[in-house]
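Reading through the structure tokens given below for one structure.
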Amino acid sequence: MDPSEARRILDGERERGLELIAAASSLDELERVKVSLLGRRSPWSEVQRSLGAVDPEARRELGRSSNEVKSALEDAIAGRRAELEGSADDRLLEGDRVDVTLPGRRPRQGSLHPLTIVQAQIVDVFTRMGYRVAEGPEIEDEWHNFEALNIPPDHPARTMKDSLYIDVPGLLLRTETSAVQIRTMETEEPPVYVVAPGRVYRREAVDATHGSMFQQVEGLAVDEGISFSDLKGTLEAFARAMFGPDRRVRLHPDYFPFVEPGVQVAVSCFLCDGVGCRVCGNGWIELLGAGMVHPRVLQNCGYDAERFTGFAFGMGVERVAMVRYGVEDLRLFYEGDVRFLEQFGGAA
Ligand code: FA5
């Protein structure tokens, strides 16, 4: 390559290069421009390679021009790179911009489940009367769930048809919280005043007022001189505290093997007020079973049945919640529909 041709190329490359560098709109493009201007296959490199063949005088001058072109292009590239990096940072900052004047997004506030609320209210009524909370396991043995409660082996409740047994022989899902009566009396001396909330399980056809898993609160009071009128007064006080003076309470005789006498307690239906409707059938909603603790049960737990008497009751929490809130179907409590659940407003 003759020197004048080389000089023409260098001048052209400087001019073309500065334009391309100024026009590069991204760091990637700038890199490509750099390779095309100064890379191994660029016209500038070709001039460099031809220098060896040029006579020494012209080579020195051409070498200087070639170096000048190279540094001019490198300076321009460095300047453009700084500009592009700056604007990339700006874009990043722009994307990250937070408008602190926008209103915040509030997380939805949860609420306590209505059955949790009602169970706590029931327990609260009794703890204010001096009762203590007791607990027992949901998987029970036949002694606590049946035998000690005076429910003999041939009782229908003990068949597979009515109870949910587990694979371990002699163990089942407790069918009533009455099992906690036994556990309490086995470990504590009288006087005993306890309430025991918890889940129970039965093989039961599910409908508006029956679940196969539901919750009960058991009550047990054993002391010297406890009579049936103590039971009646306690349950009436409970009904007033829970439902107010408008709901009427009805006691009528019932049979449970572990009490004598036994009663069933119902309140007048919240929907028809005792007339009879699709929710209650006969105007009354059965809330609980109760009675005087059978002497044999006291003896099974080592209590002196001559000296001590007691009463017990067991109520369905879903039924109490239905009456309290006017809910027509207890399955609603278990469907997990937030629109239903959030109406009860208990703060979580
Ligand atoms: C009992 O479970 C007795 N343990 C109650 C008792 C305790 C009697 C102490 C005497 C002394 P019962 O099976 O009737 O009794 O159930 C008691 C309450 O649980 C019922 O009044 C009702 O409110 C509720 N209940 C019963 N079965 C269901 C069910 N399938 N679904 C929802 N609630 C139920």
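For the chain, DSSP calls about 95 percent of its internal beta bridges antiparallel. Ranking Glu342, Glu176, Glu189 by solvent-accessible area of protein heavy atoms (1.4 Å probe, all protein chains present), from largest to smallest, gives Glu189, Glu342, Glu176. Could you work out the relative contact order of the chain, using alpha carbon pairs under 8 angstrom and six or more residues apart, expressed as a whole percent? Relative contact order for the chain comes out at 16 percent. Overall form of region 129-256: oblate. Here a/c, set by the Cα gyration tensor axes a ≥ b ≥ c, is 1.5 or more, and a/b is not larger than b/c.
By the rule of a second cysteine Cβ within less than 4.7 angstrom, the chain holds isolated cysteines at Cys301.
Based on the mean of other Cβ atoms within 10 Å per residue, sort peptides 276-289, 81-94 so the most packed one is first.
On the way: 276-289: 18.1, 81-94: 11.3.
Descending mean neighbour count gives 276-289, 81-94.
Taking all protein chains as shown and a probe of 1.4 angstrom, Ser4 keeps an accessible surface of around 80 Å². Ordered by 1.4 Å accessible area with all protein chains kept, Phe270, Phe146 run largest first as Phe270, Phe146. The modelled label-to-label distance for the pair Asp124/Gln109, using points 7 Å beyond Cα in the direction of Cβ, is 1.7 nm.
Sorted by accessible area with a 1.4 angstrom probe, largest first, how do Leu30, Leu332 fall?
Greatest to least solvent exposure: Leu332, Leu30.
Let me spell out the model: positive unit charges on the Cβ of Lys and Arg, negative unit charges on the Cβ of Asp and Glu, origin at the Cα centre of the chain. What dipole size does that give, in debye rounded to 20?
My answer is approximately 700 debye.
With the whole protein complex present, Val133 retains an accessible surface near 70 Å², based on a 1.4 Å probe. What value, in deg cm²/dmol to 500, does the helix sum -39500 (n - 2.57) over DSSP H runs of n ≥ 4 give at 222 nm once divided by the residues of the chain? Calculated at 222 nm, the ellipticity per residue is -13000 deg cm²/dmol. Dipole magnitude for region 216-304: about 400 debye, using +1 per Lys or Arg Cβ and -1 per Asp or Glu Cβ, origin at the Cα centre. Taking square-rooted eigenvalues a ≥ b ≥ c of the alpha carbon gyration tensor, is region 215-331 rounded, prolate or oblate, where a/c under 1.5 means rounded and, failing that, a/b exceeding b/c means prolate? Prolate. The phi-based Karplus calculation (6.51 cos²θ - 1.76 cosθ + 1.60; θ = phi - 60°) puts the 3J(HN,Hα) values of region 263-275 at 9, 10, 10, 10, 10, 5, 4, 5, 8, 10, 6, x, 7 Hz, whole numbers, x for Gly and Pro.
Since only Tyr193, Gly211, Phe313 are under comparison, the one whose Cα sits farthest along the positive direction of the charge dipole of the chain, derived from C-beta charges on Lys, Arg, Asp and Glu, is Gly211. Tyr255 exposes around 150 Å² of accessible area when a 1.4 Å probe is run over every protein chain in place. Selection among Phe344, Leu298, Leu271 by position relative to the dipole of region 271-348 gives Leu298 as farthest towards the positive end (Cβ unit charges, Cα centre).
Please say if the chain is rounded, prolate or oblate, where rounded means a/c under 1.5 for a ≥ b ≥ c the square roots of the C-alpha gyration tensor eigenvalues, and otherwise the choice is prolate for a/b larger than b/c and oblate otherwise?
prolate
The values are calculated or read from the model by the stated rules, or taken from the named source; none is laboratory data. Since this is a predicted model, take the numbers as computed values, not measurements. Ideal geometry is used to build each Cβ from the backbone, glycine not excepted, and the neighbour counts take in all protein chains shown. Side chains included, ligands, DNA and RNA excluded: accessible areas come from the protein's heavy atoms. Shrake-Rupley method; radii C 1.70, N 1.55, O 1.52, S 1.80 Å.
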